[in-house]
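Next up is a structure, given as structure tokens.
The values are calculated or read from the model by the stated rules, or taken from the named source; none is laboratory data. This one's a predicted model, so the numbers in the text were calculated from it and none came from an experiment. In this analysis, Cβ positions are derived from the backbone assuming ideal geometry, glycine residues included, and neighbour counts consider all displayed protein chains.
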Protein chains: 2
Amino acid sequence: MCAQPLEVAVEAHVRFIEANLGNAGLYPGTQRLEKEVVRAIGGMLHHEGAGGSIVSGGTEANITALWIARNVTRRKKVVFPKSAHFSFHKACDILGLEPQMVGLDEKFTADLDEVKRVVDNDVCAIVGIAGTTELGAVDDIEGLGALLPDGAFLHVDAAFGGFVLPFLDHGPPKFDFAVPEVSIITIDPHKMGMSTIPAGALMLRDEGQMRTIRKDAPYLDTVGQAAALSGTRCSAAVASTYAAMRFLGEEGYVKLVKGCMDVTRYALEKGTGIGLEPVMDPVMNILCFYAPDVVRIQSEMEKQGWKVSVARNPESLRLVIMPYVTRDSVDGLFADLEEVLGGLDD
Amino acid sequence: MCAQPLEVAVEAHVRFIEANLGNAGLYPGTQRLEKEVVRAIGGMLHHEGAGGSIVSGGTEANITALWIARNVTRRKKVVFPKSAHFSFHKACDILGLEPQMVGLDEKFTADLDEVKRVVDNDVCAIVGIAGTTELGAVDDIEGLGALLPDGAFLHVDAAFGGFVLPFLDHGPPKFDFAVPEVSIITIDPHKMGMSTIPAGALMLRDEGQMRTIRKDAPYLDTVGQAAALSGTRCSAAVASTYAAMRFLGEEGYVKLVKGCMDVTRYALEKGTGIGLEPVMDPVMNILCFYAPDVVRIQSEMEKQGWKVSVARNPESLRLVIMPYVTRDSVDGLFADLEEVLGGLDD
């Protein structure tokens, strides 16, 4: 789900390739760039004053978010839906937290009744997903906010959705800092932000909370070490994100997302046209179809040169319609898919 | 302490800029490259069969090493010297481990008597440093190995030293898998390996231990997700490391390190020539001098355009002699430093 980065993003990456954001004393320019990028993403997520940092990706951002939540609250329980990215299991293992998974409702989003039953005062964070990895479903973030116990964090994983939802024309649900309970957001510029790897972003409503994870590095040119999981950090990806965001602007992202959604809807038609049933009406540029023996279909399609992924919950064929996917490639894909489906009984 | 990467390393980086090692099913070539790089580094560290992975840098490698040690041993205590990188404090906080710091002996290396006094059966890992960040001192890794409690890990942080020590001509102490007790080694290609950021390496004697941190990612093209802290991983830095190591070869690194050590010894002479006392005879290309009011000297030198860092333990002026530092730049630096020292009483 990482993007083919924009040319201007790659160029910016190369110009900053030796700079290390982990030693901002030596590379003060990259720290300024990071502040600019954080400010721009904050504005996009309805909170101009948001703090944060550019990290290696959604996994590091999710781990760091729960690290902050644990250190601030001194509590152990994390509530997240079954549709959450596997990085939350990783984070719980690393941080010694107790995962409390909840099921999904008929819209494939976190079941609020179940959340209500499991929340208590041991909860350090409730996690909502704004664009699930498998289906692109968006949890009811306002609904989760209403169930948040006192002092707990509401963390939104918008790693993939963060650069899509703000630019949709069909009135997406509120998922960001516009929801007053939202504390931290994960959003990945190297996915739909069109920047280079490794560019994730950790966005905080209250920047001061980063103090709880800060460690000093006495030998660096800046005595106080930025609060981050990583030490050496890739300034190049920050420069690349800056370049991509300045180059595209809001208008550019709107156009890009519109293009992806047009192709997604076209693919939905093509799929239903050959008799496939979509798992859900796509909210974003991810599209899943029920099919018999999906793993075999995947492998047959691979022989034809197509990379189709498989979602497990529910088991289905999964297409991520990135900006380079065109109507023409969709035509080719479904022609081959129809043939593969026809040959399944052989 | 990150390198200005080689041209060939930058070129390789750009060619792989959109590839994601975290989704090896989609980018099988980068997984092969990673295996090649791990094998080459393993050979360099005296264990051809070593396993491991390329991570974002020394901090991620150190955190992952202790994560594995904790999950395998189910113990809580980590013994490390005061000279250890601050990432070990970070790792202990994240992982819920108890740091047990020990002091240094007269060679600025871990005091073995103190280590002996504090080790017990709660120890999950002893950490030795092969090239401390501040002074470039190398702990007695064999001595630490002799004190290792049954079942505990001996982790060596050679983030900076790992691409220097094997290539020194003056018979460096054993620090790698040649010491039978060594379990895991951190080594950073983006430091003296001349690769691009973010390229760290986590090297394990027993690759099977990575199972203890593995999490499944059902939607990826490969079902079993590689055991790594990060999700999306930067294939470009792996390709860059591969290019740098193939381009330089052992001979190239020997030449590079010899050049750095020549300039380091030249700088040592120049420093003593203007009346400065070195903290220790440099083992590697890091050089520290005692001086009065080091922070003021640092700021005066900065006005002249020099970036001199300050070590705190003991307080001293610190120079890292990277490959781009020449005798000429050393001449210029010490001429200005002499002037700054002369003006200190003003």
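Test A:Ala217 against the stated conditions and say whether it is assigned to a loop (DSSP other than H, G, I, E, B), modelled with pLDDT under 95, over 22 Å from B:Ala236 (Cβ atoms) and aliphatic (A, V, I, L, M).
Details: assigned to a loop (DSSP other than H, G, I, E, B): yes; modelled with pLDDT under 95: yes; over 22 Å from B:Ala236 (Cβ atoms): yes; aliphatic (A, V, I, L, M): yes.
For A:Ala217, the condition - assigned to a loop (DSSP other than H, G, I, E, B), modelled with pLDDT under 95, over 22 Å from B:Ala236 (Cβ atoms) and aliphatic (A, V, I, L, M) - is met.
Determine which member of the set A:Asn62, A:Asn71 is surrounded by fewer than 23 Cβ atoms within 10 Å (Cβ to Cβ), within 11 Å of another protein chain (Cβ to nearest Cβ) and of a type outside the set (Val, Ile, Thr). Spell out how you get there, then give the answer.
Values: A:Asn62 fails: surrounded by fewer than 23 Cβ atoms within 10 Å (Cβ to Cβ).
Criteria check complete, one pass: A:Asn71.
Out of all the residues in segment A:145-173, which are part of a loop (DSSP other than H, G, I, E, B) and at pLDDT 95 or above? Show your work before the answer.
Here is the first cut: in segment A:145-173, the ones part of a loop (DSSP other than H, G, I, E, B) are A:147-152, A:158-160, A:164, A:168-173.
Matches in segment A:145-173: A:Leu147, A:Leu148, A:Pro149, A:Asp150, A:Gly151, A:Ala152, A:Ala158, A:Ala159, A:Phe160, A:Val164, A:Leu168.
Let me ask something additional. Test B:Ser83 against the criterion of being under 27 Å from A:Ala91 (Cβ atoms) and either at the interface with chain A (Cβ under 9 Å from one of its Cβ atoms) or small (Gly, Ala, Ser) (or both), and give yes or no. If you could, list the steps in order and put the result at the bottom.
Numbers: under 27 Å from A:Ala91 (Cβ atoms): no; either at the interface with chain A (Cβ under 9 Å from one of its Cβ atoms) or small (Gly, Ala, Ser) (or both): yes.
In short, no.
Just one of the numbered conditions (1) in a helix (DSSP H, G or I); (2) within 21 Å of the chain's Cα centre (by Cα); (3) of a type in the set (A, V, I, L, M, F, W, C); (4) modelled with pLDDT of 95 or more is not true of B:Phe247; which one?
The failed condition is (2).
Then there is this: How many residues does segment A:220-234 contain that are more than 8 Å from every other protein chain (Cβ to nearest Cβ) and at pLDDT 65 or above? Walk me through it before giving the result.
Within segment A:220-234, the subset more than 8 Å from every other protein chain (Cβ to nearest Cβ) is A:222-224, A:226-228.
Right, trim to at pLDDT 65 or above and you get A:226-228.
Residues in segment A:220-234 being more than 8 Å from every other protein chain (Cβ to nearest Cβ) and at pLDDT 65 or above: 3 in total.
Inspect segment A:56-65 for any residue being among the aliphatic types (A, V, I, L, M) and in a loop (DSSP other than H, G, I, E, B) and give the result as yes or no.
Looking only at segment A:56-65, we keep the residues that are among the aliphatic types (A, V, I, L, M), and these are A:61, A:63, A:65.
Checking the rest, the ones that are also in a loop (DSSP other than H, G, I, E, B) come to none.
No, because not a single residue in segment A:56-65 is among the aliphatic types (A, V, I, L, M) and in a loop (DSSP other than H, G, I, E, B).
Results for (1) at pLDDT below 95; (2) in contact with a helix residue (DSSP H, G or I) (Cβ under 6 Å, 6 or more places away or on another chain), shown as yes or no for each residue.
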position	(1), (2)
A:Tyr253	no, yes
A:Lys258	no, no
A:Gly273	no, no
A:Gly305	yes, no
A:Ala335	no, no
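Kindly indicate whether A:Glu48 is over 22 Å from B:Ile63 (Cα atoms) and not polar (S, T, N, Q). Full working, then the answer.
On the way: over 22 Å from B:Ile63 (Cα atoms): yes; not polar (S, T, N, Q): yes.
When the stated conditions are applied, A:Glu48 passes them.
A further question on this structure: Within segment A:235-256, does at least one residue satisfy the condition of being farther than 30 Å from A:Asn23 by Cα, surrounded by 23 or more Cβ atoms within 10 Å (Cβ to Cβ) and more than 14 Å from chain B (Cβ to nearest Cβ)?
Scanning segment A:235-256, I find no residue that is farther than 30 Å from A:Asn23 by Cα, surrounded by 23 or more Cβ atoms within 10 Å (Cβ to Cβ) and more than 14 Å from chain B (Cβ to nearest Cβ), so the answer is no.
Filter segment A:291-324 for residues that are more than 21 Å from A:His85 (Cα to Cα), surrounded by 14 or more Cβ atoms within 10 Å (Cβ to Cβ) and away from chain B (no Cβ under 14 Å) and give the result.
A:Ala291, A:Glu300, A:Gln304, listed by residue number.
Let me ask something else. For segment B:117-130, state whether one or more residues are β-branched (Val, Ile, Thr), within 14 Å of chain A (Cβ to nearest Cβ) and either crowded, with 24+ Cβ neighbours inside 10 Å or farther than 21 Å from B:Gly200 by Cβ (or both). Write out each step before concluding.
Residues of segment B:117-130 that are β-branched (Val, Ile, Thr), as a first pass: B:118-119, B:123, B:126-127, B:129.
From what's left, within 14 Å of chain A (Cβ to nearest Cβ): B:129.
Now restrict to residues that are either crowded, with 24+ Cβ neighbours inside 10 Å or farther than 21 Å from B:Gly200 by Cβ (or both): B:129.
Within segment B:117-130, one or more residues are β-branched (Val, Ile, Thr), within 14 Å of chain A (Cβ to nearest Cβ) and either crowded, with 24+ Cβ neighbours inside 10 Å or farther than 21 Å from B:Gly200 by Cβ (or both).
Being of a type in the set (D, E, K, R) and either touching a Pro at 6+ places or on another chain (Cβ under 6 Å) or touching a residue at least 60 places away in the same chain (Cβ under 8 Å) (or both) narrows it down to one of B:Lys116, B:Lys82, so name that one. So that I can check it myself, show each step before the final result.
Numbers: B:Lys116 fails: either touching a Pro at 6+ places or on another chain (Cβ under 6 Å) or touching a residue at least 60 places away in the same chain (Cβ under 8 Å) (or both).
After ruling out the rest, the residue left standing is B:Lys82.
Moving on to the next point. Say we look at segment B:86-111 and pick out the residues that are surrounded by fewer than 21 Cβ atoms within 10 Å (Cβ to Cβ) and away from chain A (no Cβ under 13 Å); which of these is nearest to A:Cys92 (Cα to Cα)?
Result: B:Gln100.
Considering only residues that are outside any helix (DSSP H, G or I) and closer than 12 Å to A:Ala236 by Cα, which ones fall in segment A:1-31?
Initial filter on segment A:1-31 (outside any helix (DSSP H, G or I)): A:1-6, A:16-20, A:24-27.
Listed by number, the residues that qualify are A:Phe16, A:Ile17, A:Glu18, A:Ala19, A:Asn20, A:Tyr27.
Could I ask something else about it? Taking interchain pairs and intrachain pairs at least six residues apart, which have beta carbon atoms under 6 angstrom, with the first residue in segment B:12-32 and farther than 13 Å from A:Ile197 by Cβ and the second modelled with pLDDT under 85 and among the hydrophobic types (A, V, I, L, M, F, W, C)?
If the second residue must be modelled with pLDDT under 85 and among the hydrophobic types (A, V, I, L, M, F, W, C), the pairs left are B:Gly25/B:Leu220; B:Gln31/B:Ala24.
Can you tell me which condition A:Ile54 does not meet? The list is (1) more than 10 Å from chain B (Cβ to nearest Cβ); (2) over 30 Å from B:Met192 (Cβ atoms); (3) touching a strand residue (DSSP E or B) at 6+ places or on another chain (Cβ under 9 Å), and all the others hold.
With respect to (1) more than 10 Å from chain B (Cβ to nearest Cβ); (2) over 30 Å from B:Met192 (Cβ atoms); (3) touching a strand residue (DSSP E or B) at 6+ places or on another chain (Cβ under 9 Å), A:Ile54 is out only on (2).
Can you tell me how many residues in segment B:174-213 are within 14 Å of chain A (Cβ to nearest Cβ), touching a residue at least 40 places away in the same chain (Cβ under 8 Å) and surrounded by fewer than 24 Cβ atoms within 10 Å (Cβ to Cβ)? So that I can check it myself, show each step before the final result.
Looking only at segment B:174-213, we keep the residues that are within 14 Å of chain A (Cβ to nearest Cβ), and these are B:186-202, B:210-213.
If we keep only those that are touching a residue at least 40 places away in the same chain (Cβ under 8 Å) too, we end up with B:186-202, B:210, B:212-213.
Checking which are surrounded by fewer than 24 Cβ atoms within 10 Å (Cβ to Cβ) leaves us with B:210, B:212-213.
The number of residues fulfilling the criteria is 3.
Residues that are under 22 Å from the mean Cα position of the chain (by Cα), outside the structural domain of A:His190 (by TED's automatic domain parsing), over 21 Å from A:Lys258 (Cα atoms) and surrounded by 17 or more Cβ atoms within 10 Å (Cβ to Cβ): does segment A:327-346 have at least one?
So the first thing to find is which residues in segment A:327-346 are under 22 Å from the mean Cα position of the chain (by Cα), and the list is none.
No, segment A:327-346 has no match at all.
Can you find, within segment B:66-86, the residue that is nearest to B:Lys191 (Cα to Cα) among those that are of a type in the set (S, T, N, Q) and part of a helix (DSSP H, G or I)? Break it down stepwise before answering.
Of segment B:66-86, the ones of a type in the set (S, T, N, Q) are B:71, B:73, B:83.
Next cut, part of a helix (DSSP H, G or I) only: B:71, B:73.
On the way: B:Asn71: 29, B:Thr73: 31 Å.
Result: B:Asn71.
Could you list, in sequence order, the residues of segment A:28-44 that are buried (at least 20 other Cβ atoms within 10 Å of the Cβ) and over 24 Å from B:Asn20 (Cβ atoms)?
A:Gly42
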